[in-house]
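Encoded as structure tokens, the structure appears first; notes follow it.
The values are calculated or read from the model by the stated rules, or taken from the named source; none is laboratory data. Quick caveat: nothing in here was measured; it's all calculated off a predicted structure. Every residue, glycine among them, receives a Cβ derived from its backbone with ideal geometry; neighbour counts consider all protein chains shown.
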Amino acid sequence: MGAESGELRIGDRERRETDDRLRAAHDAGMITLVEYDERVKAAYAARFRSELAPLVADLPDGTAPPEPDDTPTTAAPAPAWHEDTRAPELHDRRRRGLRGGLLAAVVIAVVAIVAPGVATAGQGAAMFGSRTVQVAPGEPSVSVGVLFGSTKVVVPDGTHVTTSGTTVFGSTDCDTACAAVPAGAPQLQVSARGAFGSIQVQTASEAAADQARDDARDQPRHHHDD
């Protein structure tokens, strides 16, 4: 049989179905691996249904290739899936909670380590606020601290400052006072320690200029209030 008898050709679907039957027969021990390979090759080389039938004729349980189904089929409607958004929200909430807990643990640990040094700072410690430390001429060193606040250290003009210490999650700024100065200038060591805050070292001239700017900003507001 074949093209001369008017038999219709087969497609890949029929070949795959025969392959599935042969694979199941091999898995069940009905045919050997060599037989499976030979029959599969013949199945994928077949062009007509009559060429597939002998490949499964000796196998039980209806191994003959299925007859083609010409009935049009319609796709079954997809199930209505309702996305559950609670799981991602819960995951995000747990992740935020974990980050918050880790951050709180870090803050507590840093405060526990740094706080004793801040509290015992000799010349000035700013805790949850701000403070200005005025250094007298001739002072060789000054010790300041900060914790959740800010400390300003005002030194005499012409004094050369060097800073030491550690500020965790904060900063120590010293521009003009720490710049190079003429030889023989008074030396001052600023020991700064703290966390979650800032320490700023200024010369007397810088501090006066800042104060003048603050006063100038406040004047229009006072005039408006009057």
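Kindly establish whether residue 117 is in a helix (DSSP H, G or I), modelled with pLDDT under 70 and among the small types (Gly, Ala, Ser).
Numbers: in a helix (DSSP H, G or I): yes; modelled with pLDDT under 70: yes; among the small types (Gly, Ala, Ser): yes.
Answer is yes for this residue.
Can residue 202 be described as at pLDDT 85 or above and out of contact with any strand residue (DSSP E or B) (no Cβ under 8 Å at 6 or more places or on another chain)?
Numbers: at pLDDT 85 or above: yes; out of contact with any strand residue (DSSP E or B) (no Cβ under 8 Å at 6 or more places or on another chain): no.
Judged against the criteria, residue 202 is not a match.
Would segment 83-93 turn up any residue that is basic (Lys, Arg), closer than 30 Å to residue 195 by Cα and modelled with pLDDT of 55 or more?
Within segment 83-93, one or more residues are basic (Lys, Arg), closer than 30 Å to residue 195 by Cα and modelled with pLDDT of 55 or more.
Give the number of residues within segment 171-199 that are of a type outside the set (Val, Ile, Thr) and either part of a strand (DSSP E or B) or modelled with pLDDT under 80 (or both).
Step one: list which residues in segment 171-199 are of a type outside the set (Val, Ile, Thr), which gives 171, 173-175, 177-180, 182-189, 191-198.
From what's left, either part of a strand (DSSP E or B) or modelled with pLDDT under 80 (or both): 171, 173-174, 180, 182-183, 187-189, 191-195, 198.
Going through segment 171-199 one residue at a time, the tally reaches 15.
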